[in-house]
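Taking it in order: structure first as structure tokens, then the write-up.
All of the numbers you see were taken from the coordinates with simple rules; none came from a lab. As the structure is a computational prediction, the values presented were derived from the model and not from experiment. All Cβ positions, glycine included, derive from the backbone under ideal geometry; neighbour counts span all protein chains shown.
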Amino acid sequence: MKYLKEYGYGIKELPRTTMVYFHLSKGFTVGETNGVSTFIGRHNYIYDRVFEKKGYYEYDRMGLAGYYKNDEYNYNFIIHSTDYWCHWFRIYQMNNYYTIEEF
């Protein structure tokens, strides 16, 4: 709970964060601004496998940002791993109106 509070979240997010920690959930959206969704997910970068199941592949990585696409021409979205994390979870951002629930 300490880290959730520190990062601007609270008791409302605790049950779903616990599900993420126990691998019962891949993550959940906590906000959206200007086409960028913020979600709480696992801290261990499982998302390549999750996206591949839907046909999206990482084609570039610049630091904490992974670029994903499903064709050879354009990227579809970027997932950015923020510096907000603990051993229970990490906070991520996705652009282009994508949400983790779509995967």
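Odds and ends about this structure:
- Just one of the listed residues (Leu14, Leu64, Leu24) is in contact with a Leu (Cβ under 8 Å, 6 or more places away or on another chain) and not aromatic (Phe, Trp, Tyr), namely Leu14.
Results for (1) surrounded by 15 or more Cβ atoms within 10 Å (Cβ to Cβ); (2) among the aromatic types (Phe, Trp, Tyr); (3) in a strand (DSSP E or B); (4) at positive phi, shown as yes or no for each residue.
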{"residue": "Tyr3", "(1), (2), (3), (4)": "yes, yes, no, no"}
{"residue": "Glu13", "(1), (2), (3), (4)": "yes, no, no, no"}
{"residue": "Arg16", "(1), (2), (3), (4)": "yes, no, no, no"}
{"residue": "Val30", "(1), (2), (3), (4)": "yes, no, yes, no"}
{"residue": "Gly55", "(1), (2), (3), (4)": "no, no, no, yes"}
{"residue": "Asp60", "(1), (2), (3), (4)": "no, no, yes, no"}
{"residue": "Tyr73", "(1), (2), (3), (4)": "no, yes, no, no"}
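- Number of residues in the range 32-53 that are in a strand (DSSP E or B), surrounded by 13 or more Cβ atoms within 10 Å (Cβ to Cβ) and not small (Gly, Ala, Ser): the value is 5.
- When the range 18-28 is filtered for residues that are surrounded by fewer than 19 Cβ atoms within 10 Å (Cβ to Cβ) and either charged (D, E, K, R) or in a helix (DSSP H, G or I) (or both), the ones remaining, listed by number, are Thr18, Met19, Tyr21, Lys26.
- Restricting the range 62-71 to residues that are part of a strand (DSSP E or B) and without any contact (Cβ under 8 Å) to a residue 12 or more places away in the chain, the residue that is farthest from Ser37 (Cα to Cα): Met62
- Residues (aliphatic (A, V, I, L, M) and without any contact (Cβ under 8 Å) to a residue 24 or more places away in the chain) located in the range 31-61: Ile46
- Within the range 75-93, being part of a strand (DSSP E or B) and either over 24 Å from Met1 (Cα atoms) or polar (S, T, N, Q) (or both) holds for Phe77, Ile78, Ile79, Ser81, Thr82, Gln93.
- Of all residues in the range 80-101, those that are over 18 Å from Phe51 (Cα atoms) have Cβ atoms under 6 Å from Cβ atoms of residues that are among the aliphatic types (A, V, I, L, M) and crowded, with 16+ Cβ neighbours inside 10 Å, 6 or more apart or on another chain, in Thr82/Ile91; Tyr84/Ile91; Phe89/Val20; Phe89/Ile40.
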